[in-house]
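Right, one structure below, let's go through it.
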Amino acid sequence: MSIELGHFALILAFAIASVSVLGGYAFWRSGERIALFLAQGAVLQFVLVAVAFAALIQAFVVSDFSLALAVNNSHSLKPLIFKISGVWGNHEGSMVLWILILVAFGAMVASFGRRLPSDLLALVLTTQSLLVAAFAGFTLFTSNPFARMVPAPLEGNDLNPVLQDIGLAIHPPLLYAGYVGFSICFSFAIAALISGRIDQAWARWVRPWTMLSWTFLTLGIAMGSYWAYYELGWGGWWFWDPVENASFMPWLAGTALLHSALVMEKRNALKIWTIFLAIITFSLSLLGTFLVRSGILTSVHTFASDPTRGLVILSLLALVIGGAFLLFAMRASSLRSGGLFAPVSREGALVLNNLFLATATGAVLVGTLYPLVLDALVGTTISVGAPFFDLTFGALMAPLLLVLPFGPLLAWKRADVVAAAQRLLFAAALAIFLTILISALGGVSISLAPIGLLLGFWVAFGSVAELIDRSKLGRIPLADSWRRLVGLPRTIWSTAIAHFGVGVTVLGIVATTAWETELVTTLNPGETTELSGYVLTFDSFEQVPGANFIAEQGHFTITAPGGGTRPMVAERRTYVASGMPTTEAAIETYGLSQLYLQLGEPLENTHVVRVWHKPYITLIWLGAILMAGAGVLSLTDRRRRVGAPQRAAKPIAEPAE
């Protein structure tokens with residue numbers, strides 16, 4: 001019964017979204033009444049889709065194999081957490097999760113955007129309902145998650161073993177919250193183009209939503225990177241997989257949108273560019289949806305291989321993106337460019353930031369789509385791999401990292417770059433000193449590594465220099481400097497922390513690339529080997545039954561260079577229902593570095609063991625956490641709260657005597 005209830009709830013949500021679209025675009029000038037109607041509709045859509053999603057979860061939890069989705073993606077022996085996460089470990093269920101997050105953002109705008117002008121609010125909610133109707137219609141008519149299985153089997157087929165991991169419970173919801181969250185920015189852009197309300201207030205309204213989506217996407221990408229790192233067993237943290245790129249491109253465009261919206265808010269400039277970025281960022285999110293579900297890619301990330309679904313998504317992509325850019329083309333000529341500023345200014349630095357980010361996004365887009373387009377047009381299959389992306393993306397990011405610390409130290413409208421450089425002298429000197437010291441001690445084997453270290457330290461120390469400059473440390477008494485530092489706005493702190501996080505991530509990437517060591521050997525129980533000063537002893541090998549798998553475990557003891565021992569257990573699992581194997585790497589963290597051990601294919605009389613020492617690799621994800629934390633901190637600033645400031649009530653005139 002709950003399956004039919006969930007199915008009906010999703011149908012009803014689709015109907016309400018469709019009615020909201022028709023009414024919203026027709027009567028958006030009608031004032032607060034239509035805005036209230038659309039707000040209520042947005043909240044109701046959320047409630048209904050939540051009911052539909054809860055029905056799917058309930059079916060998976062109780063192993064209701066009358067639901068075809070549960071049959072194909074679940075098993076009664078699966079642990080509870082993997083039964084729940086299995087709901088979105090497939091195409092149909094992940095689409096319901098997508099729609100749930102879409103309506104959740106719409107409901108948040110309806111709840112927290114009551115101070116927005118009624119016409120703008122009506123257009124935002126109408127555009128959001130249009131997206132809900134499109135994706136709910138696609139799900140109902142091509143990817144029905146509530147299809148029944150008659151007769152119901154006694155047992156399910158199980159979920160892909162690679163997806164039976166805590167990463168599936170965390171990574172897709174975070175990633176979708178970032179992907180789908182940019183739909184709000186898209187809806188604001190469409191509303192602005194229709195209503196003509198494009199000003200500093202618009203930028204102030206859209207920035208919190210951009211920051212929220214960017215924060216979720218940052219965490220989602222970082223979690224996905226770490227999940228692939230420990231689960232796939234090859235020790236890599238980024239492969240430039242087309243679907244990885246599909247999530248990275250909206251992040252790059254969203255970062256540019258954040259900085260562009262700041263210029264628009266502060267200086268009423270870059271209006272047309274900011275609107276364009278809001279459209280293109282969500283368009284790239286939709287492109288990622290198409291790549292994952294069209295069947296044109298073979299990847300561990302892909303959910304579907306049905307060309308029909310791919311054509312439907314491509315049609316939706318063309319209608320949504322094509323319609324948005326058509327509207328943009330019609331309205332852009334009537335938009336004013338906004339305030340003027342000197343090239344050497346904070347605005348100029350942010351424009352330069354946007355230039356590099358947009359170019360990097362274009363480079364990743366070309367490298368991702370070129371093989372697909374070439375194959376479709378002439379039937380030639382080629383591969384664009386990591387060397388292309390490393391070279392092009394690295395070449396674009398290096399100058400961006402070089403100028404990054406200057407931006408926050410430049411004044412608005414017109415600035416003195418020499419004065420800013422003088423305030424960064426200590427940061428530059430410290431970065432150069434540490435780079436030389438580490439390069440000399442570490443024996444760098446990659447010629448570009450010192451440049452990468454220098455850039456990482458430069459960005460990190462430059463962000464600290466901004467806080468030192470604002471607190472006037474060394475120029476006023478220490479107690480006064482501390483009070484100034486503590487009293488800085490949270491947005492200043494968030495900018496510094498985010499930039500510091502970028503520097504930390506760069507240092508992690510460079511260090512693990514330059515100094516990573518690897519050993520592939522064969523061992524029997526009782527034998528030892530050594531890598532980078534770590535002594536590895538193979539203690540024993542045994543078979544251990546799991547909840548729904550049989551594990552072959554290798555037990556090892558690691559002796560660190562400085563003394564002290566730790567146990568490590570690496571596994572090869574074979575899942576009972578599907579018979580599919582997986583590799584579970586053993587990872588031990590020493591400070592900021594990690595020792596990574598994988599138990600390879602068993603040979604006749606021995607075991608293949610692969611070991612990596614990855615210096616400072618945790619800095620990669622620590623930097624991402626700092627960036628996301630900076631986003632959360634910025635959102636807590638009361639000046640960044642969603643909605644327009646409430647107008648003060650006019651004083652009541654005193655009656656005449």
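The values are calculated or read from the model by the stated rules, or taken from the named source; none is laboratory data. What you are looking at is a predicted structure, and each value in this text was computed from that prediction instead of being measured. Ideal geometry is used to build each Cβ from the backbone, glycine not excepted, and the neighbour counts take in all protein chains shown.
Of all the residues in region 69-83, those that are surrounded by fewer than 22 Cβ atoms within 10 Å (Cβ to Cβ) and within 27 Å of LEU286 (Cβ to Cβ) number 1. For VAL569, the conditions (1) within 19 Å of PRO525 (Cα to Cα); (2) loosely packed, with under 14 Cβ neighbours inside 10 Å; (3) without any contact (Cβ under 8 Å) to a residue 40 or more places away in the chain are fulfilled apart from (2). Residues that are crowded, with 19+ Cβ neighbours inside 10 Å, in a strand (DSSP E or B) and in contact with a Leu (Cβ under 9 Å, 6 or more places away or on another chain) within region 588-625 comprise LEU595, LEU597, HIS607, VAL609, ARG610, VAL611, TRP612, HIS613, LYS614, listed in sequence order.
For (1) of a type in the set (Val, Ile, Thr); (2) over 28 Å from the mean Cα position of the chain (by Cα), each residue gets a yes or a no:
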| position | (1), (2) |
| --- | --- |
| LEU467 | no, no |
| LEU473 | no, yes |
| ASP480 | no, yes |
| ARG484 | no, yes |
| ARG490 | no, no |
| SER494 | no, no |
| ALA498 | no, no |
| VAL504 | yes, no |
| LEU507 | no, no |
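Let's see how each residue does on (1) at pLDDT 95 or above; (2) assigned to a helix (DSSP H, G or I); (3) in the same structural domain as THR606 (by TED's automatic domain parsing):
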| residue | (1), (2), (3) |
| --- | --- |
| GLU466 | no, yes, no |
| ASP469 | no, yes, no |
| ALA479 | no, yes, no |
| LEU488 | no, no, no |
| ILE497 | yes, yes, no |
| VAL506 | yes, yes, no |
| ALA511 | no, yes, no |
| THR521 | no, no, yes |
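Restricting region 252-277 to residues that are of a type in the set (A, V, I, L, M) and within 16 Å of the chain's Cα centre (by Cα), the residue that is surrounded by the most Cβ atoms within 10 Å (Cβ to Cβ) is LEU257. If we scan region 343-350, do we find a residue that is surrounded by 15 or more Cβ atoms within 10 Å (Cβ to Cβ) and in contact with a strand residue (DSSP E or B) (Cβ under 7 Å, 6 or more places away or on another chain)? The answer is yes, given that some residue of region 343-350 is surrounded by 15 or more Cβ atoms within 10 Å (Cβ to Cβ) and in contact with a strand residue (DSSP E or B) (Cβ under 7 Å, 6 or more places away or on another chain). Scanning region 115-159 for residues that are surrounded by fewer than 18 Cβ atoms within 10 Å (Cβ to Cβ), in contact with a strand residue (DSSP E or B) (Cβ under 8 Å, 6 or more places away or on another chain) and not small (Gly, Ala, Ser) gives ARG148, MET149.
You will find that of LEU159, LEU168, the residue that is of a type outside the set (Lys, Arg) and part of a helix (DSSP H, G or I) is LEU168 and no other. Every test in (1) at pLDDT 80 or above; (2) over 30 Å from GLY348 (Cα atoms) is passed by ALA304 save one, and that test is (1). Would you mind stating whether TRP458 is aromatic (Phe, Trp, Tyr), closer than 25 Å to TRP238 by Cα and touching a helix residue (DSSP H, G or I) at 6+ places or on another chain (Cβ under 8 Å)? Yes. Could you figure out which of (1) modelled with pLDDT of 95 or more; (2) over 16 Å from the mean Cα position of the chain (by Cα) isn't true of GLU231? In the conditions (1) modelled with pLDDT of 95 or more; (2) over 16 Å from the mean Cα position of the chain (by Cα), GLU231 misses (1) alone. Scan region 100-116 for residues that are under 19 Å from LEU168 (Cα atoms) and either without any contact (Cβ under 8 Å) to a residue 60 or more places away in the chain or outside any helix (DSSP H, G or I) (or both) and the total you get is 1. State the number of residues belonging to region 381-397 that are assigned to a helix (DSSP H, G or I) and crowded, with 17+ Cβ neighbours inside 10 Å. Result for region 381-397: 5.
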